[in-house]
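The values are calculated or read from the model by the stated rules, or taken from the named source; none is laboratory data. In this text, all values refer to a predicted model and were calculated from it rather than measured experimentally. When we count neighbours, we look across all protein chains shown, and the Cβ atoms used for this are built from the backbone with ideal geometry, even at glycine.
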């Protein structure tokens, strides 16, 4: 068994190392395997998608076009995110690192503190992504599917980096954690989250459900049931939801997707539709102060006498 895994992993590690070397040479910038964790795990994620599909095929838990759209979005997101991290995020974090309060040496204990801090930052990012429309324009892509499976985990916006999701993690750099370790901790957090996007796993032991974000908690997060909307923002842990009053248990069947659904499987439209809707709202006649408010108001906010344009018009629904 060990020989089989060695035969499988060795070519992957060799290919990844060669890719890192090529990128370093092309950009004139040093990167290491910490920067490529999610890329390295991509084969594992795809294998999990395939196994889950095979296990539940014919039972309505997958839809081929929906899953392919998710994989397409996830693949491009990974490439775009790597490019933005190397050209934008790391330079910005390095600048903050140069002006940090102190320098914290990495030990097992300090990494645990870093991971907890990144978890809190992720909670802040995730909550803002549901309550501030600018960030929702990117995050809405992840909630567009009416299915809950490992494929859904890969449904990510190509514009996360442009929207500024990385800004939420700058405080960890400013207090003294080296930027690459901050991003590595975030990558570990995101890798964990892949596996909570499933209906395959039921409730776990109460002690686990009390501390960790689990498939049950995250199924509720993806629900458009009134009870579940804007709840369970945690990444690895659920403790900050319990602490800040945003926790809800999965107690009724989950209706997955958006209150205002997005139609079709065109990855470009799935990425841009909410930006288009926000632009329409901002261009509608009215005082400039109210037009600009669409940037930071909640997604459902509307000016007096208007409804938010969160859904495409019928003539613009691609198939």
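What to note about this one:
- Residue 147, sole failed condition from (1) in a loop (DSSP other than H, G, I, E, B); (2) within 29 Å of residue 293 (Cβ to Cβ): (2)
- For segment 212-230, the set of residues classified as assigned to a helix (DSSP H, G or I) and over 18 Å from residue 298 (Cβ atoms) consists of 215, 216, 217, 218, 219, 220, listed by residue number.
- Residues that are under 26 Å from residue 197 (Cα atoms) and modelled with pLDDT of 90 or more number at least 3 in the following helices (runs of 4 or more DSSP H) confined to segment 1-119: 37-56, 64-84.
- Check on residue 97, within 18 Å of residue 272 (Cα to Cα) and in contact (Cβ under 8 Å) with a residue 24 or more places away in the chain: no
Results for (1) within 28 Å of residue 159 (Cβ to Cβ); (2) crowded, with 18+ Cβ neighbours inside 10 Å; (3) modelled with pLDDT of 95 or more, shown as yes or no for each residue.
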{"position": "223", "(1), (2), (3)": "yes, yes, yes"}
{"position": "226", "(1), (2), (3)": "no, no, yes"}
{"position": "236", "(1), (2), (3)": "yes, yes, yes"}
{"position": "268", "(1), (2), (3)": "yes, no, yes"}
{"position": "313", "(1), (2), (3)": "yes, no, no"}
{"position": "318", "(1), (2), (3)": "yes, no, no"}
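- Scanning segment 121-132 for residues that are out of contact with any helix residue (DSSP H, G or I) (no Cβ under 6 Å at 6 or more places or on another chain) and more than 19 Å from residue 152 (Cβ to Cβ) yields 127, 131, 132.
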